[in-house]
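Asker: Input: one structure, supplied below.
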Amino acid sequence: MTTTKYIFVTGGVTSSLGKGIISASLAKLLQARGYSVTIQKFDPYINVDPGTLNPYEHGECYVTEDGAETDLDLGHYERFINLPTTQANNVTTGRIYQTVINKERRGDYLGKTVQVIPHITDEIKRNIKLLGEKHNYDIVITEIGGTVGDIESLPYIEAVRQLKWELGSQNSLVVHLTLVPYLAASGELKTKPTQHSVKVMLENGVQPDVLVLRTEHPLNIDIRKKVALFCNVNIESVIESIDVSTIYEVPLLMKEEKLDITVLKKLNLTENEEPKLEKWRQFINKLKNPKKEITVGLIGKYIELPDSYKSIMESLIHAGSVNQCKVNVECIHSEKITDANVAEKLKGVQGIIVAPGFGQRGIEGKIIATKYVRENNVPFLGICLGMQCAVIEFARNVLGLKDADSTEMSKTTTNPVVDLMEEQKGVTEKGGTMRLGAYPCDIKKGSKVFEVYNQEQIQERHRHRYEFNNAYLDKFEKAGMKPVGFNPDTDLVEIMEMPEHRWFIGVQFHPEYKSTVVNPHPLFVNFVKEICKE
Ligand code: GLN
């Protein structure tokens, strides 16, 4: 039996330093040396999952194959290590407390006072070890969300302290990510915030084993020595993480800094062969040497926060690399699009993606943009609500059903072309109750999407409550918008396309969740390819 080794990734000084990318990069390097690795994220907020959070709060909600609504970092994990994650890879304080409270109500702790220590910390530890024990991974990387020093992170740091002690120094280690700011006025890099954040870790009883320092400028040997001395680590354990133009370069940078070797040594694991990163390098090479440049319009209402559409953005990067094309994305606010200005708004783009979303706000702008690209033969990819917008637009403007709508937006429409799914009708709870996760879809031979996927059946991930209303199937089909993908068990329409149009595809699912560096998603690849033909 293998002994699973545990790596914890914590963050200090400030949030948004990129713990997810560092975790994913380290995982990538270890995987490329032949180790089986998984990554999990522990989030200190009280929501049971991020599914009930507005994207403005926490960025995109990422959906796994098994239908878990998770933190967007899981998207990075999948894109980097090309392995699916599950519900078990994302645990929140809400989920931990829910389990402990349910146990308390059941009487599992009868007679005892239920407390943060040991009950909450024990439940955190149990969850940290769950995946390793079940699947015998060589290495489990656990990213602890938030910043050390936050009140809500404390039980996690305590759980890490206990686990380090229980597992021993050869089976566990802590990688702590901090920031080394550059003060332009004095022209200096400052290590004090790093020293302070390591002190906070020490106050909580945890000595970080490896320090990864985010910086805008290279760290010279003196700075590295200073950090090593004041933070009780050896010099090889001070790793520079300098800003790069693409996150996909971070694994290569970490390799140069020997992060993988330092970690393997500390965990008493052999270095094995050099990491196999050929495909990864090819990907970056093509990404950095584009032969063409295109601009795609992303029509959405959460565009103020780019993380809201993280997976779509990354999928376009993957597709750009395949086509050796630089894909610029122009985010266009759907609330700002009107009949009068749509031509102007879409002037600079050669194709559009109408984004997923919920609720009435911004919907009319999406419909207007869809009409414009349908009539002007501009490539269109509609994702989830984006497909529903295409359906509503077609019903109103081609079928002449003037009040056509989704019952999500209008309860009184006489033409509910998009309607609540049967299984959703009695649902009142909001958390985790949508149609979630992977479902099969049969693709009609001879269709455009068949050409794109070159497969008769696909599996794609979902996150929605509403669907195309099959009562309108014939009308759409006859008028030129063809349903070409169906769920084989329920007959739900999953894909619509317009054969007369240059490239017009709407999908009820979210292809963006499945695009990875090694497996770029065919829909995005083909969409970019089509635009590149111009
Ligand atoms: N609001 C729509 C629904 O629930 C679309 C959801 C989405 O775009 N993810 O069906």
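Asker: So how do 173-180, 402-409, 430-437 stack up, highest first, on mean other-Cβ count within 10 Å? Provide the component values of the computation, followed by the final result.
Answerer: Details: 173-180: 24.6, 402-409: 18.4, 430-437: 15.8.
Most protected by this proxy first, the peptides run 173-180, 402-409, 430-437.
Asker: What number in nm² do you get for the range 76-166 if you take the convex hull of its Cα atoms and divide its surface by four?
Answerer: Working: hull surface 28.7 nm².
Averaged projected hull area, Cα only: 7.2 nm².
Asker: Continuing with the same structure: Ranked highest first by the average count of other Cβ atoms within 10 Å around their residues, in what order do 227-235, 153-161, 414-422 fall? Show your work: numbers first, answer last.
Answerer: On the way: 227-235: 15.7, 153-161: 22.3, 414-422: 18.4.
Going by the mean number of other Cβ atoms within 10 Å, highest first, we get 153-161, 414-422, 227-235.
Asker: Then there is this: May I ask you to list the lysines whose Cα is less than 17 Å away from that of K336, ignoring any residue fewer than eight positions away on the same chain?
Answerer: Straight-distance partners of K336: K301, K345, K347, K366, K371.
Asker: Taking 41 Å as R0, compute the FRET efficiency from the Cβ-Cβ separation of D474 and Y97 and round it to 0.05.
Answerer: Numbers: r = 51 Å, r/R0 = 1.24.
E(calc), rounded to 0.05, equals 0.20.
Asker: Something else: Taking Cα pairs under 8 Å and at least six residues apart, what relative contact order does the chain come out at, in percent? Working shown, then result.
Answerer: Numbers: 1089 pairs, mean separation 81.9, N = 534.
Answer for the chain is 15 percent.
Asker: Pairs K448/K529; K286/K533; K103/K430: which exceed 21 Å Cα-Cα?
Answerer: Numbers: K448/K529 14 Å; K286/K533 18 Å; K103/K430 23 Å.
Flagged as over cut-off: K103/K430.
Asker: Counting pairs of alpha carbon atoms under 8 Å apart in space and at least six apart in sequence, what relative contact order in percent does the range 19-134 give?
Answerer: On the way: 132 pairs, mean separation 30.3, N = 116.
Worked out over the range 19-134, it gives 26 percent.
Asker: Cα atoms only: what Rg and Dmax, in Å, come out for the range 108-226?
Answerer: Reported Rg and Dmax, both Å: 17.6, 62.
Asker: Continuing with this model, one more query. Select from the range 429-523 those GluC sites (Glu not before Pro) which occupy a DSSP coil region and have at most 14 other Cβ atoms within 10 Å, ordered by residue number.
Answerer: On the way: sites: E429, E451, E456, E460, E467, E477, E494, E497, E500, E512; in loops: E429, E456, E500.
For GluC sites (Glu not before Pro) across the range 429-523 that sit outside H, G, I, E and B with at most 14 neighbouring Cβ atoms in 10 Å, the list reads E429, E456, E500.
Asker: Hey, another quick one. Over the Cα atoms of the range 446-534, how large are the radius of gyration and the largest Cα-Cα distance (Dmax), in Å?
Answerer: According to the Cα coordinates of the range 446-534, Rg and Dmax are 13.5, 40 Å.
Asker: Nearest 5 percent is fine: what portion of the DSSP beta bridges confined to the range 405-530 is antiparallel? All intermediate terms of the calculation are to be shown ahead of the outcome.
Answerer: Details: 20 of 22 bridges.
DSSP beta bridges in the range 405-530 are roughly 90 percent antiparallel.
Asker: So how do 350-363, 284-297 stack up, highest first, on mean other-Cβ count within 10 Å? All intermediate terms of the calculation are to be shown ahead of the outcome.
Answerer: Details: 350-363: 20.6, 284-297: 16.1.
Most protected by this proxy first, the peptides run 350-363, 284-297.
Asker: Can I ask one more? I'm a student and want to see the number: the projected area of the Cα convex hull of the range 1-117, averaged over all directions, in nm². Provide the component values of the computation, followed by the final result.
Answerer: On the way: hull surface 39.7 nm².
With every direction weighted equally, the projected area is 9.9 nm².
Asker: OK, next. Quick one: helix 93-106 against the long Cα principal axis of the chain, what's the angle to the nearest 10°, folded into 0 to 90?
Answerer: Result, in degrees: 80.
Asker: How much mean residue ellipticity at 222 nm does the chain get from its helices, if each DSSP H run of length 4 or more adds -39500 (n - 2.57) and you divide by all residues, to the nearest 500 deg cm²/dmol?
Answerer: Numbers: 18 runs with 185 residues, N = 534.
Dividing the helical sum by the residues of the chain leaves -10500 deg cm²/dmol.
Asker: Moving on. Using the heavy atoms of the protein chains and a 1.4 angstrom probe, tell me the accessible area per residue for the range 295-423 in square angstrom. Write out the running numbers ahead of the final one.
Answerer: Numbers: 4520 Å² over 129 residues.
Spelled out: the 1.4 Å probe surface of the range 295-423, per residue, equals 35 Å².
Asker: Another question about this same structure. Using only Cα atoms, tell me the angle between helix 192-203 and the longest principal axis of the chain; keep it within 0 to 90° and round to the nearest 10.
Answerer: 70 degrees
Asker: Each label point is 7 Å from the Cα along the Cα-to-Cβ direction; what then is the distance between the points at E57 and E273, in nm?
Answerer: For the pair E57/E273, the computed spacing is 4.7 nm.
Asker: Where only protein heavy atoms count, and the probe is 1.4 Å, what is the accessible area per residue for the range 445-491 in Å²?
Answerer: Ligands and nucleic acids excluded, the result is 50 Å² per residue.
Asker: Only bridges with both residues in the chain count here: give the DSSP antiparallel percent, nearest 5. Working shown, then result.
Answerer: Numbers: 24 of 77 bridges.
Bridges in the chain are about 30 percent antiparallel.
Asker: Here's something else I'd like to know. Per residue, how big is the convex hull of the chain when only Cα atoms are used? Give it in Å³.
Answerer: Values: hull volume 91.1 nm³, N = 534.
Hull volume normalised by residue count: 171 Å³.
Asker: Of the chymotrypsin sites (Phe, Trp or Tyr not before Pro) in the range 82-155, which ones lie in a loop per DSSP and count no more than 15 other C-beta atoms within 10 Å? Mind dumping the intermediate values first?
Answerer: Values: sites: Y97, Y109, Y137; in loops: Y109, Y137.
Answer in residue order: Y109.
Asker: Follow-up question, since we're still on this one. In Å², and per residue, what accessible area does the range 1-159 have when probed at 1.4 Å with the other protein chains present?
Answerer: Values: 6000 Å² over 159 residues.
Solvent-accessible surface per residue comes out at 38 Å².
Asker: A further question follows. To the nearest 10 degrees, how steeply does helix 385-397 sit against the main Cα axis of the chain, on a 0 to 90 scale?
Answerer: So the helix axis and the longest Cα principal axis differ by about 10 degrees.
Asker: Something else now. Suppose R0 equals 51 Å; then what is the FRET efficiency for N136 and K402 from their Cβ-Cβ distance, rounded to the nearest 0.05? Please report the intermediate quantities before stating the final value.
Answerer: Details: r = 60 Å, r/R0 = 1.18.
Given R0 = 51 Å and the Cβ-Cβ separation, E is 0.25.
Asker: Percent of accessible area on the chain owned by carbon and sulfur, 1.4 Å probe? List each step's numbers first, then the result.
Answerer: Details: 11100 of 22160 Å².
C and S atoms contribute 50 percent here.
The values are calculated or read from the model by the stated rules, or taken from the named source; none is laboratory data. The model shown is predicted, which means the values in this text are computed figures rather than measured ones. Neighbour counts are summed over all protein chains in view; Cβ atoms, including those assigned to glycine, are modelled from backbone coordinates with ideal geometry. Just so you know, the surface numbers come from the protein's heavy atoms only, side chains and all, with ligands and any DNA or RNA stripped out. Shrake-Rupley method; radii C 1.70, N 1.55, O 1.52, S 1.80 Å.
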